[in-house]
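Reviewing the structure listed below.
Where a number appears in this text, it was derived from the coordinates with a stated rule and is not lab data. This one's a predicted model, so the numbers in the text were calculated from it and none came from an experiment. Every residue, glycine as well, gets a Cβ built from its backbone with ideal geometry; the counts of neighbours run over all protein chains shown.
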Amino acid sequence: MAEQLTFDMILVMIMIAVAVFLFVVEWIRVDVVAILMMVTLPLLGLVTPTQAFIGLSSNAVVSIIAVIIIGAGLDKTAVINRLTAPIVSFAGKSANRIIIFISLTVAFISSFMQNIGAAALVLPAIQRISKSLKIPIERLLMPIGFSAILGGTVTLVGSSPLILLNDLLIPFKLEPFGLFDVTPIGIALVASGIGCFILLGRFILPQGEGAGSVTESLETTAAEAPRVTGEMFELHTPETFTHYREPVTVDLLRRRYLVNVLGLTEPPDYKVLAPASAAVIRSDVDLLVYGRHSEVERLAAELELELKAEPQVFRDDVTESVSGVVEAVVAPRSPLIGKTLKQQDFSRRFGVTPLAIYRESDIYRAEIGDVLLKMGDGLVLQGPLERMQYLSEGRYLLFATPLDVERMHPEKALLAAFWLVLALTMVMGFHIQLSVSLMTGALGMIITRVLTIDEAYQSVDWRTIFLLGGLIPLGIATEKTGTAAWIAHAVLNATGVVPPIVLLTIIALLSTVFTLVISNVGATVLLVPLVVNMALAAHADPRMAALVVGLATSNSFILPTHQVNALYMGPGHYRSVDFMKAGILISIIFIVVTIGMIWLFYGVS
Amino acid sequence: MAIITISRGSFSHGAEVAERVAERLGYQCISREVLLDASERFHIPEMKLVQAIHDSPNILQRFQFGKQAYIAYIQWALAQRVRSGRAVYHGFAGHLLLPRIPHVLRVRILASMEQRVAAKMAQARISEREALAVINKDDEERRKWSKALYGVDPRDSSLYDLMIRLDRLTTNEAVELICLAASSPAFEVTEAARQRMDDLAKACEVKAWLLDQVGDIAVTCEFGNVLIYAKGGDKQAERIRKAISSPREELADLANIEIRTAGPIPDHAL
């Protein structure tokens, strides 16, 4: 029943080879390779023009667009910060514990919803954590992304191939699988995947150079911080702070310790950012300060304050997308030239706190309000980025780094959360298609002004969209021309009669290779009928053969062709080689664990 | 534990009053010691220091900083001496050398011209006319000195907390009055006052040490944070930078040190 090898099939195989080759050598970027496929395949007549671009409107791609917009909305309203806080406090600063914790969470979520959704939802949180704990994002994203894919194998509704599986068994009158029949195998897969990264992560993951971040302007801001010779610290005053003591003011701390108070709590639970100079520091309050470590330590020791290991109360206020320390230069013809900051009433007028002035090799930190400013003086400012943005629009200062300030709307947090919950309810409760549900959530956020439509467009990563959209026609061509079927037949025919366990291993390998190039749904639809017949002929359990296909079509780690991998490739600064290095190992483990668990639980020998 | 400065014209019984106040309160009485300390520390003959603090600067000296340097040395020595409080200083310009120290009681003792002339005649065995000329010249010299270096007239009553005329009050009564004033809560040594004194001492130390190497500068110190104002612009700033780049005893307890080249120099800078 095997078809003849046709010219079109050879062309398709050549195209696959070209794509894989270009992925590996990276002469052009992966998303450009995908676009190349998108254009070449219809030119060669392997797909119709409509099919060539159908990927851009596919469920997966639209879901990704929507979920990225939802993620951006959650990030802008600081919902992500609130969600990451418990993770960080639970996992501490250890990268491994964070990987385990988030991976398990993601695997759990993705066992009930499509894994791309789960992966996209946690992406902003991972970026935040990477930035705030200075763990290179390269070390976090891949393990978590792989866990999202692996989590899809935990229940029968976790991934599209498994959802389809029972339908595909109907023609053969085989007993359908229960929702949790795959759970032991899925859990073993998730555990072995995470374990592999924890044990071997340092060998198979790129280690990165520093805190990763998506927004380049913020990256530069962070890189400048060392020049400023100061950091943020949070302090707490004891209950006896004001006893037997002259009042301690914000101004006094600045003059005495050169420590700037950026935030102050007021009982019961008010927070004052950029408090006035004359503000008195009371007992049992928290202070957010900026200064050199030694000076803050001296302050804490002399005034008997508690110096916290990291900001807690002001945690949300110090995230780099809300406020930051930025260097700006006094512009030519700036109204500031020849004036002092005090004369200009600078802090009150612009709502930012000047921390230091750079003039040639000197750093001024004491009494900077009285320094006559010259053109070219560097001002180190701290404050809400929105204020900086405002300042940068005037002719006062030139900002050393372009400010790509996001306007934050923390007051819209509840709205943002509502739209997320609504979208998830639509998916899980009413089984409305993922793309439709998520786009509803995204649209809701835009209409209720959680973010503007322009911000929504800007948040979408076009690399991901085209990478996925471009590979879909390659899958279509592979199926439509019969190439996939021909390969499957050829491989299985060549296998001959082997023990069931060997047959299942070969099926797993074949499914893995197929899923790298064609969609997992396509691979499943194609392979299940084939392998069921094969198994029947070889006196093996046909249900197990089908199950192996359903599981192994999630074994897509070696190339960034899986949606989750495509999504994480850009933010993680990964190259195809990085996926191969970690992916080959994980793929082998995947097959070994799957077959091992089937052997253990279902008695296939 | 106030610090009392007693300023007076020559032959106005100031020294006598100072000694008796110190005796009454159990304070140390300081005058010439300050010059001796400065002379020893900076290897300058005492005579030059006396000239610096007594004679008004001549035309040439106005353009040099030698006199300011000597005054910085004297100020340093005075600050060291009175740092722990409980002192009566009746040497030159006490009311000007301890600026902005809250627990300094500034006293001016005045005697009538007749009393002063009589005292001078008795001391130097000269005629009344000669004595009057000497005293007038001396007063004029003090006035010019004060004007040239601090821009104030020593006769200006706003420079003092207490002015006592001895032509009708006796020295005993003057001592009483001063002791009474010194016991006022206004002259208590608070933590802030002590900090000011420490800062003054540090500023004096830095200025005295640097003057020699880099020329005329102004120095402020607040909470151990020192600002050096380079009057000579960028070149001088470079010399200062070089001087302070190596660890020195004078810089040991400073919290922070910065150099300013442009902008106004605050009035309270040394």
Point-to-point label distance, A:Glu26-A:Ile10, nm (Cα→Cβ direction, 7 Å offset): 3.4 nm
Pairs of alpha carbons in chain B whose separation is greater than 31 Å (percent): 28 percent
Kyte-Doolittle mean at least -0.5 and Cα axial length at least 27 Å: DSSP H helices in chain B: B:191-214
Helix axis angle, A:30-43 relative to chain A longest principal axis, alpha carbon, degrees: 40 degrees
DSSP beta bridges in the protein assembly as shown [antiparallel fraction, %, rounded to 5]: 65 percent
Taking region A:412-461 and dividing mean pair separation by its residue count, relative contact order in percent (alpha carbons under 8 Å, at least six apart): 37 percent
Per-pair calculated FRET efficiency, R0 = 60 Å: A:Asp454 and B:Ala186 via Cβ, rounded to 0.05: 0.40
Gaussian network model of chain B, springs between alpha carbon atoms under 10 Å - residue of B:His90, B:His103, B:His13 with greatest fluctuation: B:His13
Fluctuation leader among B:Ala124, B:Ala174, B:Ala18 - chain B, Gaussian network, Cα springs under 10 angstrom: B:Ala124
Peptide A:361-369, shielding by other chains (average Cβ, 10 Å cutoff): 4
Peptides A:142-149, B:210-217, A:451-458, A:167-174 ordered by average Cβ neighbours within 10 Å, highest first: A:142-149, B:210-217, A:451-458, A:167-174
GNM result for chain B, Cα springs below 10 Å: residue of B:Lys207, B:Lys48, B:Lys144 fluctuating most strongly: B:Lys48
Fewest-first ranking of B:Asp139, B:Asp253, using other Cβ atoms within 10 Å as the exposure measure: B:Asp253, B:Asp139
Reach of A:Lys581 by Cα under 16 Å, taken over aspartates and glutamates that are not fewer than 8 positions away in the same chain: A:Glu26, A:Glu138
Share, in percent, of DSSP beta bridges within region A:323-399 that are antiparallel, nearest 5: 100 percent
Gyration tensor verdict on region A:323-399 (Cα atoms; rounded if a/c is under 1.5, prolate if a/b is larger than b/c, oblate otherwise): rounded
Cα gyration tensor category, rounded, prolate or oblate, for region A:412-461 with a/c compared to 1.5: oblate
B:Asp167 versus A:Asp269: modelled label distance in nm, points set 7 Å from Cα along the beta carbon direction: 7.6 nm
Average projected area [Cα convex hull, region A:528-605], square nanometres: 5.8 nm²
0 to 90° range, to nearest 10: angle between helix A:59-76 axis and chain A longest Cα axis: 20 degrees
Chain B - share of DSSP beta bridges that are antiparallel (%, nearest 5): 20 percent
Theoretical FRET efficiency, 1/(1+(r/R0)^6), r = Cβ-Cβ of A:Ile35 and A:Ile170, R0 41 Å, to 0.05: 0.60
Qualifying lysines (Cα of each under 28 Å from Cα of B:Lys207; at least 8 residues distant if same chain): A:Lys339, A:Lys342, A:Lys374, B:Lys48, B:Lys67, B:Lys144, B:Lys147, B:Lys231, B:Lys235, B:Lys242
Peptides B:25-36, B:73-84 ordered by average Cβ neighbours within 10 Å, highest first: B:73-84, B:25-36
Added length on full extension, which subtracts the Cα-Cα distance from 0.36 nm per residue, B:Asp138 to B:Ala118: 5.7 nm
Cα Rg over Rh - region B:191-260, Kirkwood: 0.96
Sites B:Asp253 and B:Ser84, calculated FRET efficiency, Cβ-Cβ separation with R0 22 Å, nearest 0.05: 0.85
Per-residue [θ]222 nm for the protein assembly as shown (sum of -39500 (n - 2.57) over DSSP H runs n ≥ 4, rounded to 500): -18000 deg cm²/dmol
Residues A:Ser94, A:Ser587, sorted so that the one with the fewest Cβ neighbours within 10 Å comes first: A:Ser94, A:Ser587
Anisotropy class of chain A from Cα gyration tensor, a/c 1.5 cut: prolate
Summed side-chain charge close to A:Leu303 - residues other than A:Leu303 whose Cβ falls under 13 Å, Lys, Arg +1, Asp, Glu -1: -3
HN-Hα J in Hz across region A:524-531 - Karplus 6.51, -1.76, 1.60, θ = phi - 60°, x for Gly and Pro: 5, 4, 6, 7, 4, x, 4, 6
Net charge, B:Val134 excluded, C-beta distance under 14 Å - Lys, Arg +1, Asp, Glu -1: 0
Mean Cβ neighbour count within 10 Å, used as a protection proxy, ranking A:348-360, A:241-253, A:551-563 highest first: A:551-563, A:348-360, A:241-253
With Cα atoms, 0 to 90° folded angle of helix A:137-151 axis to chain A main axis: 40 degrees
